[in-house]
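Asks: Okay, here's the structure, questions in a sec.
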Amino acid sequence: VSFNRSVRAVLFLSLLYFAASSSAQTPTPTTYAITHAKLVTLAGPPIEDGTVIIKDGKIAAIGASVEVPAGAQVIDAKGLQVSPGLFDPVTQMGLSEIGAVGSTVDSTETGSINPDVVAATAVFPSSEHIPVTRASGITEVLSVPGSGGFDSGGNRGLLAGQASAIHLAGWTMDEMQIKRSAAMVLNWPTIATRTFDFATFSRRQRPYAEAKQEYERQVNQLTDVLESARHYAQAMGHGGPSDFERDVKLEALVPVVRGQLPVLVFADRARDIRSAVEFCDKQKLRMILAGGIEAYKVKDLLRSKDVPVILRPVLTDPDEEDDAYDRILSQPVELTAAGVKIAFASFDNSFARRLGQNAANAIAHGLSPEEGLKAVTLYPAQILGLSDQLGTLQVGKVANIIVTDGDPLELTTDLKYLFIRGQLTSTDNRHKRLYEKYLNRPKP
Amino acid sequence: VKASSMLLRSLAAASVFAAACIAAFAATPPDAPVILIQNATVLTVTHGTIEHGSVLIKDGKIAEVGASIKAPSGAQIIDGTGLFVSPGIIDCHSHIAVDGSVNEGSISVSSIANIAEVLDSDDISIYRDLAGGVTTANILHGSANSIGGQTIVIKLRWGQPAAKLPFEGAIPGIKFALGENPKRSNFSIPGRERRYPASRMGVEETIRGAFTEARDYKNAWDTYNKRTAAGEKNLTPPRRDLRLDPLVEVLEGKRYVHSHCYREDEILMLLRVAKEFGFKVRTFQHVLEGYKVADEIAAAGAGASTFSDWWAYKVEAYDAIPYNAALMTRRGVLVSINSDDAEEATHLNQEAAKCIKYGGLSRDEALKLVTLNPAIQLGIDKRVGSIDAGKDADLVIYNHDPLSAYAVVQKTLIDGRIYFDRQKDIAARAGLEKEKKTLLDKEKAAAKKPEEKKAEKPGEAKKPEEKKPEEKKKPEDMATMPQAGTDGGAQ
């Protein structure tokens, strides 16, 4: 029975796809009214039976008693839930298609100081990952250079480039772009005694003193380049472009040293996090921690310096054998209780659709359901300075909205409607197409 | 006594924890107690869900399942109010509890290697998977070779010696591998000559070649045994070949073939080769394009053990779809969902639940993907895989519906014994932490003394070396590039 139902659902969704793709081709602003839905606004208590009006890409009205404007396309969402779309704040979306195939990967530049490279430049709008990911209710992501994945080859650089916030729909990058430069990526160096040599495919062990020397060299390199950027910013402030020698790398760091652009610092070990926080504090940089496997060990420092954390998936094994088996799963509630702002991220492309699952697992281990949902919607938006546009259902915000038949974090919940930039967007994707094709394969 | 002497010698904090757990379990009485779980939601898998149901456990077996069971005197009662009981999770593709690399990657036919000989009962992944509800796992050799090593089914009896891990009477297996991994597409080192096979054509011929030898070898032995049985004397037996012996067992149906594969063409290739030599493929592993040739897999009577939603990490995973398990199920294939990864195994119940959404399996069908179906695939379904009287009492108690992301395992039982208890685990933490500190302080003091004697600058003791934080260790067959700090993606 349920099989037939899903077949019907697929047929329905295909129709929706055609409807949506034709509407996308004609970008006439459409007004939508989602009625009789449970509205999880995240800006107040849920509204059990409410209406959302979407107009010109924005939320035009929302509430329990909102009039449906004439000509609006009405979606009766009785029994359904409306929530802000999910926001995955660390991915390689559009930068990497098939991890093992280098020619499909643009996520990491060579060399260690590349502050001038920008993710948005290389995001491939036709990547198959984009429709697959949005079908899981993720409406926007941060595409992050140098953030790893299978393809990083071990070398991610120090200043790896600028991360771009993007909508997961649009014909071109210009349409997809939320913020071209949303954060500067800094892979914090670590004292590594064990390394992997890719030239020989072998492990290498080196003494602590040697590893520490290498670490200090990298920190000095960072200090130097930031110092140069500061001088550069000064020169820019004092004279016209003809008065000094232009430098694209230093120029890219000017908003960083001016504290305008946050630095997304990748670090996992407590010692590295501590060093990074102290460094950013001294350099007066706006730090966002990404990774944070051992953030719980430095939670007081993180709170006192007001450093938010974008956590690796909680579905990750603890590092040390004698860590409690649920060490990573119980960290979100521990950090939240300590007053540290957290968000969840996939740190991946093909596992991006596990974002909700990760939040749900953190909830299962003590995080409140509301905090869990905010950690994949509002908090990533706040952390990246985008909460004026995204993260809650409020009038004036961009209409990135999901309509589901239940809790959007639960594994068995279906996504019924998806709005990105106020457009009813297709949930069709490579996986659904292959499913339908082989569902209809005649018996051999 | 053994534990305390180990503790004294221990340098690594890891051993401290493992030893403490062994010590904890040494106190458990050897005989499984009589346990009655009452008033729980019992997901039997074979005969529906019993609300407010009971399960009686005696002598390590499920004695009775039903709506209400009278407690025998002296039975330990577990109040299951608000809790869910499912059969123990069975992971049909695991690499836990293996000492060292899972690949004898030097040769393309490594049937001589046997995982059973390198079981490591101290691997912390056993405990962590147990804490995720896994009770049985199929421990496989890696996928570097067309014909890999011999494999073994274990129960996750944490705290027991390696000799107690194997699932008694389970038919052993052998790993085969097709596609990118055995042809080493993603692992070539510049300047190093490539190993045969380097193409899917060569993979087929490697397997055909090995079975041609194995068939001749079997014939030689059959002839010898027949003539000896007929009374002939002084015959020279054929030379024993440890590499071919396991393949003869495959031909005789005494050893299961578990074959790593991705693409539709290579799946059909192995079915052809199997038909040519008269053996069966017990399971296709990963089999991410299985949905394309589900009818052929079903017709051959082969099983399929796949991932829930992995894709795009390599070319042969680009057509992977999360509907794979449901589509194959609908076409009559016996399907399981596996982990290939110690961490993934801790939430296989969640991975199974995804097949309700992707392809519309029923709740029972979904739960079967990680319980009864892998049991059938491994030939152990008379013992495990469902909650039925007479089966081993391998059970998981959850605080929530296991087909949900919100379920947390409270207890895991194997053979009627509680091997994992979340409350006890949490309660033991402070003590373990204290013990660890005491031991580390002792070690530091001991290490400092000789240092101080010869130290020119006292107080500048050598700093302990710290490990680079590791990336999440990639599952064995998913690994495409070595990660710093791991053994090169186990390849």
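Asks: Scanning for something open to solvent by 30 Å² or more (accessible area, probe 1.4 Å) and among the polar types (S, T, N, Q), does the stretch A:151-174 turn up at least one residue?
Replies: yes
Asks: Return only the number of the condition from (1) within 9 Å of chain B (Cβ to nearest Cβ); (2) in contact (Cβ under 8 Å) with a residue 40 or more places away in the chain that A:I288 does not satisfy.
Replies: (1)
Asks: Looking at B:A214, is it open to solvent by 20 Å² or more (accessible area, probe 1.4 Å), closer than 27 Å to B:D241 by Cβ and modelled with pLDDT of 95 or more?
Replies: Judged against the criteria, B:A214 is not a match.
Asks: Could we say that A:R441 is in contact (Cβ under 8 Å) with a residue 24 or more places away in the chain, touching an Asp or Glu at 6+ places or on another chain (Cβ under 8 Å), open to solvent by 10 Å² or more (accessible area, probe 1.4 Å) and under 26 Å from B:Y358 (Cβ atoms) here?
Replies: no
Asks: Output the residues belonging to the stretch B:406-432 that are touching a residue at least 12 places away in the same chain (Cβ under 8 Å) and in a loop (DSSP other than H, G, I, E, B).
Replies: B:A407, B:V408, B:D415, B:G416
Asks: Could you tell me which residue of the stretch B:166-185 is farthest from B:G149 (Cα to Cα), considering only residues that are open to solvent by 30 Å² or more (accessible area, probe 1.4 Å) and within 14 Å of chain A (Cβ to nearest Cβ)?
Replies: B:S185
Asks: If A:G237 passes every condition in (1) over 22 Å from A:Y296 (Cβ atoms); (2) at pLDDT 95 or above; (3) not aliphatic (A, V, I, L, M) but one, which one does it miss?
Replies: Failing condition for A:G237: (2).
Asks: Please go through (1) of a type in the set (D, E, K, R); (2) open to solvent by less than 20 Å² (accessible area, probe 1.4 Å); (3) within 23 Å of the chain's Cα centre (by Cα) for A:D326 and return the number of the only condition it doesn't satisfy.
Replies: Condition not satisfied by A:D326: (3).
Asks: Six or more apart or on different chains, Cβ atoms under 6 Å: show the pairs whose first residue is in the stretch A:356-368 and more than 8 Å from chain B (Cβ to nearest Cβ) and whose second is outside any loop (DSSP other than H, G, I, E, B).
Replies: These pairs meet every condition: A:N358/A:F344; A:A359/A:F344; A:A359/A:G372; A:A362/A:P332; A:A362/A:G372; A:G366/A:V333; A:L367/A:P332; A:L367/A:V333.
Asks: Search the stretch B:112-139 for residues being within 14 Å of chain A (Cβ to nearest Cβ) and charged (D, E, K, R), and hand back the single one that is surrounded by the most Cβ atoms within 10 Å (Cβ to Cβ).
Replies: Across the stretch B:112-139, the extreme among qualifying residues is B:D129.
Asks: Are there any pairs with C-beta distances below 8 angstrom linking a residue in the stretch B:357-374 that is more than 13 Å from every other protein chain (Cβ to nearest Cβ) to a residue that is in a loop (DSSP other than H, G, I, E, B) and open to solvent by 20 Å² or more (accessible area, probe 1.4 Å), with the two at least 6 apart or on different chains, and if so which?
Replies: Once the first residue is more than 13 Å from every other protein chain (Cβ to nearest Cβ) and sits in the stretch B:357-374, its partners that are in a loop (DSSP other than H, G, I, E, B) and open to solvent by 20 Å² or more (accessible area, probe 1.4 Å) give B:L372/B:T46; B:L372/B:D381.
Matching residues to (1) among the β-branched types (V, I, T); (2) farther than 27 Å from A:R271 by Cβ; (3) open to solvent by less than 30 Å² (accessible area, probe 1.4 Å):
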| site | (1), (2), (3) |
| --- | --- |
| A:Q218 | no, no, no |
| A:L226 | no, no, yes |
| A:A233 | no, yes, yes |
| A:H238 | no, yes, no |
| A:D247 | no, yes, no |
| A:L253 | no, no, yes |
| A:R258 | no, yes, no |
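Asks: Another one. For the stretch B:362-418, how many residues meet the condition of being more than 19 Å from the chain's Cα centre (by Cα), farther than 19 Å from B:T346 by Cα and acidic (D, E)?
Replies: Residues in the stretch B:362-418 being more than 19 Å from the chain's Cα centre (by Cα), farther than 19 Å from B:T346 by Cα and acidic (D, E): 3 in total.
Asks: Something else about it: Please tell me if B:Y262 is modelled with pLDDT under 95 and open to solvent by less than 40 Å² (accessible area, probe 1.4 Å).
Replies: no
Asks: Do we have any residue at all in the stretch B:294-311 that's buried (at least 23 other Cβ atoms within 10 Å of the Cβ), within 11 Å of another protein chain (Cβ to nearest Cβ), modelled with pLDDT of 95 or more and farther than 24 Å from B:A144 by Cα?
Replies: Yes, because at least one residue in the stretch B:294-311 is buried (at least 23 other Cβ atoms within 10 Å of the Cβ), within 11 Å of another protein chain (Cβ to nearest Cβ), modelled with pLDDT of 95 or more and farther than 24 Å from B:A144 by Cα.
Asks: If only one of A:T336, A:T316 is more than 14 Å from every other protein chain (Cβ to nearest Cβ) and under 30 Å from B:H347 (Cα atoms), which one is it?
Replies: Unique residue meeting the criteria: A:T336.
Asks: Ok, one more. Please state which one of A:T404, A:T377 is polar (S, T, N, Q), in contact with a Pro (Cβ under 9 Å, 6 or more places away or on another chain) and open to solvent by less than 10 Å² (accessible area, probe 1.4 Å).
Replies: Being polar (S, T, N, Q), in contact with a Pro (Cβ under 9 Å, 6 or more places away or on another chain) and open to solvent by less than 10 Å² (accessible area, probe 1.4 Å) holds for just one of A:T404, A:T377, which is A:T377.
Asks: Any residue in the stretch A:58-73 that's closer than 18 Å to A:T41 by Cα: show its pairings with residues that are open to solvent by 60 Å² or more (accessible area, probe 1.4 Å) at Cβ separation under 6 Å, as long as the two are six or more apart or on different chains.
Replies: Correct list of pairs: A:I59/A:V395.
Asks: Name the single residue that is nearest to A:A352 (Cα to Cα) among those in the stretch A:106-125 being within 14 Å of chain B (Cβ to nearest Cβ) and out of contact with any Leu (no Cβ under 7 Å at 6 or more places or on another chain).
Replies: This residue is A:F124.
Asks: Just name the residue that is farthest from B:G359 (Cα to Cα) out of those in the stretch A:411-429 that are within 8 Å of another protein chain (Cβ to nearest Cβ) and of a type outside the set (S, T, N, Q).
Replies: Here the residue is A:L411.
Asks: Would the stretch B:399-411 turn up any residue that is among the hydroxyl-bearing types (S, T, Y) and within 14 Å of another protein chain (Cβ to nearest Cβ)?
Replies: Checked against the condition, which is being among the hydroxyl-bearing types (S, T, Y) and within 14 Å of another protein chain (Cβ to nearest Cβ), the stretch B:399-411 yields at least one hit.
The values are calculated or read from the model by the stated rules, or taken from the named source; none is laboratory data. Quantities reported herein were computed from a predicted structural model and do not represent experimental measurements. Positions of Cβ are backbone-derived with ideal geometry, glycine not excepted, and every protein chain shown enters the neighbour counts. Surface areas here come from the heavy atoms of the whole protein model, side chains and all, with no ligands, DNA or RNA. Shrake-Rupley method; radii C 1.70, N 1.55, O 1.52, S 1.80 Å.
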